[in-house]
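Q: Below are the structure tokens for one structure; questions will follow.
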Amino acid sequence: MSDTTVGIIGYGYWGPNLVRNFAGAAGCRVKWVSDFSADRLAIAKKQFSFLSVTQDYLDLINDPEVDAIVIATPVFSHFKLGKEALNAGKHVLIEKPLTSSVADAEELKNLAEQKALLLMVDHTFLYTGAVQKIKNLVDTDEIGALQYLDSSRINLGLFQPDINVLWDLAPHDISILSYINSEIPVSVNATGISHTHNGIENVAYLTLNFQSNFIAHFNCSWSSPVKIRSMLIGGDKKMIVFNDLEPSEKVRVYDTGYEMKTVEEKHRILVDYRVGDIYIPKVNPREALAGMAADFIGCIGTGNKPVSNIDLAIYVVKVLEAAQKSIKDNGREVKI
Ligand SMILES: NC(=O)c1ccc[n+]([C@@H]2O[C@H](COP(=O)([O-])OP(=O)(O)OC[C@H]3O[C@@H](n4cnc5c(N)ncnc54)[C@H](O)[C@@H]3O)[C@@H](O)[C@H]2O)c1
């Protein structure tokens with residue numbers, strides 16, 4: 001079988017990582033990079049001399065040699081570029097988040113289905129060794145029934161001109177949650193604040209409510225003096241701490257728990273605590289984007305569903321859209 005030929009639109013911050021990983025993926029050839037900026041294209045050409053470069057993305061979309069388009073541009077442009085690429089018969093990979101509305105996301109999904117093309121979103125974290133390990137710990141019932149997930153993703157971040165901090169950072173957390181817990185949230189509550197003149201929230205808190213006994217909470221900020229990337233996942237048997245800033249020991253499993261004692265008196269709660277061993281599982285050190293690129297190229301060939309599949313990507317946009325409504329309504333509960 002011949003190589004899948006790829007064209008990449010957007011060579012800003014993230015684009016170079018995509019070019020490097022697609023160029024290294026088996027069965028893949030990166031032919032084109034497009035960016036509005038001639039300076040960015042000059043850098044691309046210097047870094048990867050085999051590339052053809054253009055300021056007009058239509059050169060990629062109209063090239064009959066190109067099988068797949070990768071879109072690494074700001075979120076507001078994802079829908080238009082994705083639609084044009086699908087209409088031209090190309091498989092499409094879009095950077096997270098898929099689109100800036102659920103309606104647009106569903107239109108792209110339907111279009112891809114009609115044309116029997118693969119539409120996938122780069123939810124990079126799903127391909128990290130750490131998240132793969134966490135999923136395995138949940139799936140094998142090592143930590144028991146899930147009770148909570150609590151994540152902090154905060155640093156002195158780049159203020160985005162078109163999207164708030166949840167649209168920028170929370171796709172990582174929502175996609176991880178969706179990957180490890182198949183239960184769909186029933187509603188969200190979100191609050192946030194903007195400290196700039198454009199009203200775009202730079203600090204936000206998002207809670208996802210579920211039918212079961214499980215709750216998830218995300219703290220996202222571009223205004224923190226320190227960088228924190230930590231996630232706590234509690235089960236009724238064990239608990240996980242995922243610290244993505246740890247170079248190798250990212251996942252720790254705590255044999256920690258508690259049980260309620262039955263007591264005669266109605267207004268007293270007696271709790272039996274258990275604090276046991278902590279162990280650090282080995283995680284696959286492979287670069288996540290290499291796994292993501294391999295999954296996209298592989299699924300074009302096989303027709304299989306990728307790990308980061310379109311339904312998961314739409315779930316992420318649904319949560320973000322509901323969170324946006326909740327923030328604008330002072331934290332009111334918004335059904336999903
Ligand atoms: N998966 C991850 O971990 C991760 C990390 C960072 C960014 N991202 C995502 O990647 C996307 C891009 O983010 P970024 O930080 O690289 O943005 P960026 O602003 O640094 O770069 C975007 C580039 O796209 C170019 N561009 C925009 N529209 C274009 C068009 N129609 N044709 C050609 N070029 C065009 C711009 O000139 C710019 O150079 C966003 O969706 C973001 O959420 C994902």
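The values are calculated or read from the model by the stated rules, or taken from the named source; none is laboratory data. This structure is a prediction, so every number in the text was calculated from the model and none was measured. Backbone-built Cβ (ideal geometry, glycine too); neighbour counts: all protein chains shown. In case anyone asks, the SASA skips ligands and DNA or RNA and just uses the protein heavy atoms, side chains included. Shrake-Rupley method; radii C 1.70, N 1.55, O 1.52, S 1.80 Å.
Q: Go through region 37-52 residue by residue and tally those that are outside any helix (DSSP H, G or I) and in contact with a Gly (Cβ under 9 Å, 6 or more places away or on another chain).
A: Of the residues in region 37-52, 2 are outside any helix (DSSP H, G or I) and in contact with a Gly (Cβ under 9 Å, 6 or more places away or on another chain).
Q: How do the strands (runs of 3 or more DSSP E) wholly within region 176-281 filter down when requiring 2 or more residues that are more than 24 Å from ASP141 (Cβ to Cβ) and at pLDDT 95 or above: which remain?
A: Correct list: 187-193, 203-209, 215-221, 228-235.
Q: Could you check how many residues of region 281-307 are open to solvent by less than 70 Å² (accessible area, probe 1.4 Å) and more than 13 Å from MET120 (Cα to Cα)?
A: Residues that pass the stated criteria total 7.
Q: When residues of region 81-103 are filtered for being closer than 23 Å to TRP167 by Cβ and either in contact with a strand residue (DSSP E or B) (Cβ under 8 Å, 6 or more places away or on another chain) or in contact (Cβ under 8 Å) with a residue 60 or more places away in the chain (or both), how many remain?
A: Residues meeting the conditions: 15.
Q: Criterion first (buried (at least 18 other Cβ atoms within 10 Å of the Cβ) and within 9 Å of the ligand (Cβ to nearest atom)) does VAL66 satisfy it?
A: no
Q: Tell me which of these ALA103 doesn't satisfy, since it passes every other one: (1) outside any helix (DSSP H, G or I); (2) open to solvent by 40 Å² or more (accessible area, probe 1.4 Å); (3) among the hydrophobic types (A, V, I, L, M, F, W, C).
A: So the condition that ALA103 fails would be (1).
Q: Just checking, does region 124-138 include any residue being closer than 20 Å to TYR11 by Cβ and within 14 Å of the ligand (Cβ to nearest atom)?
A: yes
Q: Answer yes or no as to whether PRO171 is open to solvent by less than 20 Å² (accessible area, probe 1.4 Å), part of a loop (DSSP other than H, G, I, E, B) and within 22 Å of ALA313 (Cβ to Cβ).
A: no
Q: Right, next: In region 129-159, how many are in a loop (DSSP other than H, G, I, E, B), touching an Asp or Glu at 6+ places or on another chain (Cβ under 8 Å) and open to solvent by 20 Å² or more (accessible area, probe 1.4 Å)?
A: Within region 129-159, residues that are in a loop (DSSP other than H, G, I, E, B), touching an Asp or Glu at 6+ places or on another chain (Cβ under 8 Å) and open to solvent by 20 Å² or more (accessible area, probe 1.4 Å) number 1.
Q: Still on this structure: Look through region 254-304, keep the residues that are more than 27 Å from the chain's Cα centre (by Cα) and of a type in the set (Val, Ile, Thr), and return whichever of them is nearest to ALA130 (Cα to Cα).
A: Top of the filtered list is ILE278.
Q: So, one more: Could you please find all residues in region 1-18 being within 14 Å of the ligand (Cβ to nearest atom), crowded, with 22+ Cβ neighbours inside 10 Å and outside any loop (DSSP other than H, G, I, E, B)?
A: GLY7, ILE8, ILE9, GLY15, LEU18
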